[in-house]
Amino acid sequence: MMELVQIGVIRSPYKRQGDAPRQGRLTETESEIEVFPEYTAGLADVERCSHLIVLYWLDRADRTMLHATPPGQTVARGVFSTRSPNRPNPVGFGVVDLVAVEGGTLRVRGLDALDGTPLIDIKPYSSEVDAIMDVTVGWMKNMKDRPDI
């Protein structure tokens with residue numbers, strides 16, 4: 001048995017699917033992450049982080065999808081080789097800039113979650129541990145010069 005606990009909610013300007021950018025890291029838009037009072041003690045020292053990994057539940061995703069056609073593509077791919085929000089377990093993953101901490105609210109830049117999205121975890125981003133150089137996604141190989149991919 002698995003049990004996820006919602007620890008907060010994301011407040012963003014994106015109200016419905018199609019409003020959010022394809023990749024949050026490519027925007028300067030700010031959002032707020034509201035951590036519920038019973039979990040705010042877990043934010044101790046978070047202000048010392050410049051970047052965070054945010055995990056969230058894509059509650060409006062289609063959980064039946066096993067194939068997705070990425071934007072700008074004509075070929076459907078296995079959903080696990082894409083970043084489609086529609087997947088059996090719709091866990092969102094974003095690396096964000098931490099702009100400010102105000103009590104139990106984090107102001108962040110670079111998140112692509114819809115307004116009201118359930119927050120499931122926050123972790124510090126570490127370029128020493130989390131960045132991997134020379135990574136490939138075979139089908140994206142010839143698309144590096146496309147800003148919309």
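Within the group Leu66, Leu43, which residue is open to solvent by 70 Å² or more (accessible area, probe 1.4 Å) and farther than 24 Å from Thr27 by Cα?
Working: Leu43 fails: open to solvent by 70 Å² or more (accessible area, probe 1.4 Å).
The conditions single out Leu66.
When the range 108-125 is filtered for residues that are closer than 12 Å to Ser50 by Cα, open to solvent by 40 Å² or more (accessible area, probe 1.4 Å) and not basic (Lys, Arg), the ones remaining, listed by number, are Pro124, Tyr125. Summed over the range 15-28, the residues that are of a type in the set (A, V, I, L, M, F, W, C) and open to solvent by 60 Å² or more (accessible area, probe 1.4 Å) give a count of 1. Per the listing Thr74, Thr105, the residue uniquely open to solvent by 70 Å² or more (accessible area, probe 1.4 Å) and more than 26 Å from Ala131 (Cα to Cα) is Thr74. Looking at Ser50, Ser81, Ser12, Ser31, just one residue is open to solvent by 60 Å² or more (accessible area, probe 1.4 Å), touching a residue at least 24 places away in the same chain (Cβ under 8 Å), of a type in the set (Gly, Ala, Ser) and on the phi < 0 side of the Ramachandran plot, and that residue is Ser50. Residue pairs whose Cβ atoms lie under 7 Å apart, sitting 6 or more positions apart in sequence or on different chains, and linking a residue in the range 59-75 that is within 26 Å of Leu119 (Cβ to Cβ) to a partner that is open to solvent by 70 Å² or more (accessible area, probe 1.4 Å), are Arg60/Gln17; Pro71/Arg22. As a summary of the residue check, Glu38 satisfies the conditions (1) in a helix (DSSP H, G or I); (2) buried (at least 16 other Cβ atoms within 10 Å of the Cβ) except for the one numbered (2).
The values are calculated or read from the model by the stated rules, or taken from the named source; none is laboratory data. In this text, all values refer to a predicted model and were calculated from it rather than measured experimentally. So basically every Cβ, Gly included, is an ideal-geometry build from the backbone, and we count neighbours across all protein chains shown. Remember, those area values only see protein heavy atoms, side chains included, never the ligands or the DNA or RNA. Shrake-Rupley method; radii C 1.70, N 1.55, O 1.52, S 1.80 Å.
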